[in-house]
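The values are calculated or read from the model by the stated rules, or taken from the named source; none is laboratory data. All values derive from a computational prediction rather than experimental measurement. Every residue, glycine as well, gets a Cβ built from its backbone with ideal geometry; the counts of neighbours run over all protein chains shown.
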Amino acid sequence: MVLKTATCRWSGLRIYPGRGIVFVRIDGQQFLFINEKVKSLYHQRKRPAKIAWTAQYRKAHRKDQDVQIARKKRRTTTRVQARSIAGAPLELINKRRTENPDARKAGREAALREVKERMKKTRQDKASAKAADAKKTGGKATKNLPRAGPGKVGGKR
């Protein structure tokens, strides 16, 4: 035998046949409460979400989680978008990605060799400029002489 139950308008609890109190508001709307306590709380304008034993409170505070059926999670497909990075266009990035490691290594070594040659050339230029300066001054290079100051201060310990 199936019992037809109603739900309380304030607490959300089940009301079995022969139980409950019906309250008819002045505008004709009917409220079915489970008992006098609930009716009193409704008339005091208490919020059911703040009273711990009501259905609204349990829903608001995520109680009874095991009873609820877990929703099936949607899988989101992540699309990889190739974009150019500041200073490097997309074509260059794709070219670098596809070239093999040996070619990359050879390019790196060539760039390093070029930098070293440039450094060597600048050193030679500086040395030749220094030699030319020495010729002009008559070969007398100024040595680092100590500055004239107040000598030693204090005595023996």
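Residues in region 28-35: is at least one touching a Leu at 6+ places or on another chain (Cβ under 7 Å) and in a helix (DSSP H, G or I)?
no
Out of ASN94, ASN100, report the one residue that is surrounded by 10 or more Cβ atoms within 10 Å (Cβ to Cβ), among the polar types (S, T, N, Q) and either outside the structural domain of TRP10 (by TED's automatic domain parsing) or in contact with a strand residue (DSSP E or B) (Cβ under 9 Å, 6 or more places away or on another chain) (or both).
Selected residue: ASN94, the only one of ASN94, ASN100 that is surrounded by 10 or more Cβ atoms within 10 Å (Cβ to Cβ), among the polar types (S, T, N, Q) and either outside the structural domain of TRP10 (by TED's automatic domain parsing) or in contact with a strand residue (DSSP E or B) (Cβ under 9 Å, 6 or more places away or on another chain) (or both).
Of everything in region 4-22, what is of a type outside the set (Gly, Ala, Ser), under 23 Å from LYS59 (Cβ atoms) and assigned to a strand (DSSP E or B)? Give them in sequence order.
THR7, ARG14, ILE15
Starting from region 100-113, take each residue that is at pLDDT 85 or above and list its partners that are surrounded by 10 or more Cβ atoms within 10 Å (Cβ to Cβ), counting only C-beta distances under 9 angstrom and pairs at least six apart or across chains.
From residues that are at pLDDT 85 or above, the pairs are GLY107/GLU99.
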